[in-house]
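Structure record follows, encoded as structure tokens.
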Amino acid sequence: MRTEKNGATLLVTDLPTLTSDNSRAFKDFVRGALAPEHLTVEVDLRNTRSVDSNGLGALISIHKTICVRGGRVRLLHPSPLIEEMFHILQLDQIFEIIPRPL
Amino acid sequence: MNEVTKHWVRKFALDFPCELTSVREAGRQSREELRAAGLAEPELDHWELVLAEAGNNAVYYALEGQKHKPVRFEFYVDDQWVEARIRDQGPGFEMPEEVALPEPDSENGRGLFLIKTLTDEAAYWRGKGENWLVLRKRRPAREMPPSGPPATVADEALTEQLAASESTLELMTEELASAYESLSTIFRYSAELADQPQPEEFARKWLVEVCKIGAADWFVLRLVDENEALKLVVSSVDLTGREVLDMENAGEADVSLEIRAASLRMDVWFDGTLQRVAAVDPLVSVTGQGTGFAHPIVINDRLVGVLSVGRYLADKPFQAGQVSIIQTFGDFLGIQIRNAHFQKQQVQTQLTARDLKIAADIQRSLLPKTLPVLPGYQLVGHYQSARQVGGDFYDAFETPGGKVLMAIADVMGKGVSAAMFAAIFRSQLRAEAERERSPAALLTMLNRALFADLDQVEMFITAQLVLFNPQERSIVISAAGHPPMLLAGNDGRSQEVEQSGLPLGVLGDSVYTERTVLLPAGGNLLLFTDGLTEARDPEGQLLWLSPLEKCLSQGAKAGRGAEETKAALIAIVEAHEQGIPAGDDQTFLLLAERRTGAKNLNPPKQA
């Protein structure tokens, strides 16, 4: 898990999974990296194999944190399965999802 | 990965430690096994996600003392379905029909929604110490292979597949046959219930069968009785002295597992660790330190009973599937027994109605069609039947010497038997009275004649006999446990004339006594049964004697005829009751002297 800071954006990368065994660590890690100037958190999911409901809970927690300051969470290039899961759970309404390039 | 024996093309199982960090690896391994079983990538994606959610839940909710036991995934795969069973050691939960999504910003509560969305069937079996989440998902239709002459390799593969399919079919047939056996047993017993006079016997046969299927050693079935207590219906163990459990008794609820199950409306488990209740609980004290559970049978939110089953050995707990079978069959049995009881009640109601009609017919036939005509007097009778026909009747007839014998009686009891005793009393009285006998002698004789029969059925008769001599105006009265006779004169005064004596049927050798009084000038004489004085108003207050006595004396003073006074007496009773149905028959016989002294003015009339 790594973060890159680019102006008002915090980018999170190297996330092989986002599941019950690392969701808490992910949440703490991102919150720890957030600076006052950050208004967007981008989570790069291009190499993420699996996300479960605990991982979703962590993303929602980050979403609530950033919303307080008028920011947003953007999910980059999730796999079709993960994208389908967000759709099933209607979470595509609260996260901005950037699809994986064809 | 362990192979397990089930009737599917491919089946396998996987145990993993009850830790969150193991769930993902278990899901990955399961994915590989499912891939080997022929599942396509999209199917594998869904199953991996479902297994992650189910596995997480199994770990999260495991009870503290159970976390040393592994979580288990079992899989059954054929061409059309994939079934996954996930065993957990948690407290269990009720699987909802529909699962709603939580609020968008809620961080929890999406796992079960995902599971139900990504599978076609989901069930949850609760058991002792373990539960099973059973998930099934239909497999996508596979494309047919291209036509053309088969290659050798393809031919071999096809032959192998065919053999596997045949094997599966055979095993599925076996499974179906086994299920059919259970079902046919149910249907056979259900059909037998219609011919079975004793539902208890039906329940016993049924439960023996259920115990075989569920591998239980013993059973106890209690149903809620009319007093809202749990009453023993059938049992394979001896519960003598513990046939009824009072659900209202808080102390009992504290120690009785069956009552606890009934109160909580949920299964209550017991095993060898329940030392505290072992000595006092009806089940545990009889069955010993085994294991089992008490299952409340609830139909339409109404508790019908409690079925308890168990095993004598505590180290052989029930499996979730067995529990599910016992619960289902127990509920079905409860419905059957309940219906059988309703039918029985209906038949009983019909029989009672028929019984009452016969009794009412007898009762009517006992009342005299006409009453004796006495010069200078008027004699009238009244009989008002209560809803449940009792044994009241009156009679009056002429005896040798120009006298009139008046009789009134109340057989203690209802229905046909009471009416039959009234009929016997009446016929014996009429037969014996043909010879000149005194009222006391008649009662003594009647008591001797009826005692054995009355004593056998624990019934008795209160009666009063009055012999009236119109010439002498004398009244000879004898009574057997009956209310007093009332007399009133035209001077407005009244009196109660009581004569002691035991009711008929109490002592076989009772000897009755009599006394003689004179009818006051312009007098009224009233014989009655206690249904009259014990008429109740809406608050339950009795009428008592005074209003009747007053009415009688006012009638005598005003020179009213017997019919007029009869109507006044009836009006008093009706006014008191205010429309409340009478609880007992109301009967009286009224003699009134005609003021004019005219002779033969009252023709024979209907009583």
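Results, tabulated for the structure shown:
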read-out	value
Residues of the stretch B:87-107 satisfying the condition of being assigned to a loop (DSSP other than H, G, I, E, B) and either away from chain A (no Cβ under 11 Å) or touching a residue at least 24 places away in the same chain (Cβ under 8 Å) (or both)	B:89, B:90, B:91, B:92, B:93, B:94, B:95, B:96, B:97, B:98, B:99, B:100
Those residues of the stretch B:398-416 which are closer than 17 Å to residue B:431 by Cα, modelled with pLDDT of 90 or more and either touching a His at 6+ places or on another chain (Cβ under 6 Å) or not aliphatic (A, V, I, L, M) (or both), in sequence order	B:398, B:403
Top-ranked residue of the stretch B:368-397 - restricted to ones that are of a type in the set (D, E, K, R) and touching a strand residue (DSSP E or B) at 6+ places or on another chain (Cβ under 6 Å), ranked as modelled with the lowest pLDDT	B:392
Sole exception among (1) buried (at least 21 other Cβ atoms within 10 Å of the Cβ); (2) over 30 Å from residue B:445 (Cβ atoms) for residue B:531, by number	(2)
Residue in the stretch A:39-57 that is more than 8 Å from chain B (Cβ to nearest Cβ), hydrophobic (A, V, I, L, M, F, W, C) and surrounded by fewer than 21 Cβ atoms within 10 Å (Cβ to Cβ) present	yes
Residue within the stretch B:524-545 that is within 22 Å of residue B:404 (Cβ to Cβ) and part of a helix (DSSP H, G or I) present	yes
Test for residue A:76: is it more than 11 Å from chain B (Cβ to nearest Cβ), surrounded by 19 or more Cβ atoms within 10 Å (Cβ to Cβ) and either within 27 Å of residue B:44 (Cα to Cα) or acidic (Asp, Glu) (or both)	no
Candidate set from the stretch B:480-504 (those that are touching a Ser or Thr at 6+ places or on another chain (Cβ under 7 Å) and in a strand (DSSP E or B)); member that is nearest to residue B:421 (Cα to Cα)	B:480
Leading residue by the ranking (farthest from the other protein chains (Cβ to nearest Cβ)) among those in the stretch B:18-38 that are more than 15 Å from residue A:55 (Cβ to Cβ) and of a type in the set (Lys, Arg)	B:35
Sole residue being more than 9 Å from every other protein chain (Cβ to nearest Cβ), under 10 Å from the mean Cα position of the chain (by Cα) and under 29 Å from residue B:112 (Cβ atoms), chosen from A:95, A:86	A:95
Residue list for the stretch A:6-21, filter: under 13 Å from the mean Cα position of the chain (by Cα) and either within 14 Å of chain B (Cβ to nearest Cβ) or not hydrophobic (A, V, I, L, M, F, W, C) (or both)	A:9, A:13, A:14, A:15, A:16, A:17, A:18, A:19
Condition broken by residue A:90, with the remaining ones in (1) surrounded by 13 or more Cβ atoms within 10 Å (Cβ to Cβ); (2) within 26 Å of residue B:116 (Cα to Cα) satisfied	(1)
So residue B:34, is it surrounded by fewer than 17 Cβ atoms within 10 Å (Cβ to Cβ) and of a type in the set (A, V, I, L, M)	no
Helices (runs of 4 or more DSSP H) lying entirely in the stretch B:146-265 (those with 2 or more residues that are at pLDDT below 80)	B:152-195, B:199-214, B:250-255
Of all residues in the stretch B:46-73 being charged (D, E, K, R) and modelled with pLDDT under 90, the one that is nearest to residue B:31 (Cα to Cα)	B:69
Subset tally (residues that are buried (at least 19 other Cβ atoms within 10 Å of the Cβ) and over 56 Å from the mean Cα position of the chain (by Cα)) for the stretch B:472-488	0
Test for residue B:53: is it under 15 Å from residue B:132 (Cα atoms) and in contact with a helix residue (DSSP H, G or I) (Cβ under 6 Å, 6 or more places away or on another chain)	yes
Residue B:455 acidic (Asp, Glu), farther than 25 Å from residue B:550 by Cβ and in a loop (DSSP other than H, G, I, E, B)	no
Count of the stretch B:562-596 residues which are over 40 Å from the mean Cα position of the chain (by Cα) and aromatic (Phe, Trp, Tyr)	0
Answer residue from the stretch B:39-80, given it is more than 10 Å from chain A (Cβ to nearest Cβ), surrounded by fewer than 16 Cβ atoms within 10 Å (Cβ to Cβ) and of a type in the set (D, E, K, R) and is nearest to residue A:84 (Cα to Cα) among those	B:79
Hits in the stretch B:322-347 - residues which are among the polar types (S, T, N, Q) and either surrounded by 15 or more Cβ atoms within 10 Å (Cβ to Cβ) or in contact with an Asp or Glu (Cβ under 7 Å, 6 or more places away or on another chain) (or both)	B:322, B:324, B:327, B:336
Single unsatisfied condition, residue B:42 versus (1) assigned to a helix (DSSP H, G or I); (2) more than 21 Å from residue B:117 (Cα to Cα); (3) of a type outside the set (Lys, Arg); (4) at pLDDT below 90	(2)
Residues of the stretch B:108-125 satisfying the condition of being within 14 Å of chain A (Cβ to nearest Cβ), under 26 Å from residue B:140 (Cβ atoms) and either of a type outside the set (S, T, N, Q) or touching a Leu at 6+ places or on another chain (Cβ under 7 Å) (or both)	B:110, B:111, B:112, B:113, B:114, B:115, B:116, B:118, B:119
Matching residues, the stretch A:58-73, being in contact (Cβ under 8 Å) with a residue 12 or more places away in the chain and either at the interface with chain B (Cβ under 8 Å from one of its Cβ atoms) or not charged (D, E, K, R) (or both)	A:58, A:59, A:60, A:61, A:62, A:63, A:65, A:66, A:70, A:71, A:73
Condition check for residue B:420: of a type outside the set (Gly, Ala, Ser), within 50 Å of the chain's Cα centre (by Cα) and assigned to a loop (DSSP other than H, G, I, E, B)	no
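Listed here are the residues, each with its yes/no results for (1) among the β-branched types (Val, Ile, Thr); (2) touching a residue at least 40 places away in the same chain (Cβ under 8 Å).
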position: B:40; (1), (2): no, yes
position: B:59; (1), (2): yes, yes
position: B:63; (1), (2): no, no
position: B:68; (1), (2): no, yes
position: B:76; (1), (2): no, yes
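Matching residues to (1) of a type outside the set (D, E, K, R); (2) in the same structural domain as residue B:506 (by TED's automatic domain parsing); (3) out of contact with any Leu (no Cβ under 8 Å at 6 or more places or on another chain):
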position	(1), (2), (3)
B:428	yes, yes, no
B:432	no, yes, no
B:439	yes, yes, no
B:444	yes, yes, yes
B:449	yes, yes, yes
B:455	no, yes, yes
B:467	yes, yes, no
B:471	yes, yes, yes
B:478	yes, yes, no
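The values are calculated or read from the model by the stated rules, or taken from the named source; none is laboratory data. Keep in mind it's a predicted model, so treat the numbers as computed, not measured. Positions of Cβ are backbone-derived with ideal geometry, glycine not excepted, and every protein chain shown enters the neighbour counts.
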